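Below is one structure; the comments refer to it alone.
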């Protein structure tokens, strides 16, 4: 059954060309009136689209014009309504970050993939980690540390040797980045209800930035992260190629 659609695209030339083709073929109901948003771009653009439509609560169907396209479907101009009718959905919840800089500035942001803390200089960061107000790591000496949602577990988290999480897992991945001490700590699995606080030690000497998806906050003092279940976004995938299957298949690659 045909539904009203809104198309959006990255700045890439191929995506912009496809945007014009899709609008000619299917029209465009506009961002406010469409039932489904179709995003043309790569995984990074999908994250931008999720953020852009978080207040509109529209299902988002991505078509790949990026290098990997883990969160996207194959681009084809034909039979879009049929593909959407048969599409399988994945529900995701963002992380909410509350950061306070060393100057006292407060910044709040959402992250659908991960919140990462990264050293800003040649010197390793020193970070204290508390989970539900209980200290768990008194001093992590590292290049950084991140906390990932299930949807983001195959992104930066996987590159940092963190675990892949099923999309419907009520878990978060806490993963160090090039940890020096404790040398044998490789991270932890947390309940989705967990509240995690990161406290920067020697921040004047060892400055740290916090990044929520693509929003960076420099010179942070404390960072609090928790999943926000009041927000639910729906992503649509072609039948047989849903996010559950992609995450499972990623664990059996050569």
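The values are calculated or read from the model by the stated rules, or taken from the named source; none is laboratory data. Since the model is a prediction, treat every value here as computed from it, not as a measurement. Don't worry about glycine lacking a Cβ; one is built from the backbone with ideal geometry, like all the others, and counts go over all protein chains shown.
Just a few scattered comments:
- Residue within the range 73-96 that is under 27 Å from residue 181 (Cα atoms), buried (at least 18 other Cβ atoms within 10 Å of the Cβ) and in contact (Cβ under 8 Å) with a residue 24 or more places away in the chain present: yes
- The test for being without any contact (Cβ under 8 Å) to a residue 40 or more places away in the chain, out of contact with any helix residue (DSSP H, G or I) (no Cβ under 7 Å at 6 or more places or on another chain) and assigned by TED's automatic domain parsing to the domain that holds residue 109 does not hold for residue 221.
- Close pairs from the range 19-48: first free of Cβ contacts under 8 Å to residues at least 12 places away in the same chain, partner assigned to a helix (DSSP H, G or I), Cβ under 8 Å, at least 6 apart: none
- Residue match in the range 113-120 (condition: without any contact (Cβ under 8 Å) to a residue 24 or more places away in the chain and either in contact with a helix residue (DSSP H, G or I) (Cβ under 9 Å, 6 or more places away or on another chain) or surrounded by fewer than 17 Cβ atoms within 10 Å (Cβ to Cβ) (or both)): no
- Complete set of residues in the range 194-210 that are assigned to a strand (DSSP E or B) and either surrounded by fewer than 21 Cβ atoms within 10 Å (Cβ to Cβ) or without any contact (Cβ under 8 Å) to a residue 40 or more places away in the chain (or both): 197, 199, 201, 209
- One residue stands out in the range 152-167 among those that are in contact (Cβ under 8 Å) with a residue 24 or more places away in the chain and either in contact with a helix residue (DSSP H, G or I) (Cβ under 7 Å, 6 or more places away or on another chain) or not in a loop (DSSP other than H, G, I, E, B) (or both): the one that is nearest to residue 235 (Cα to Cα), namely 167.
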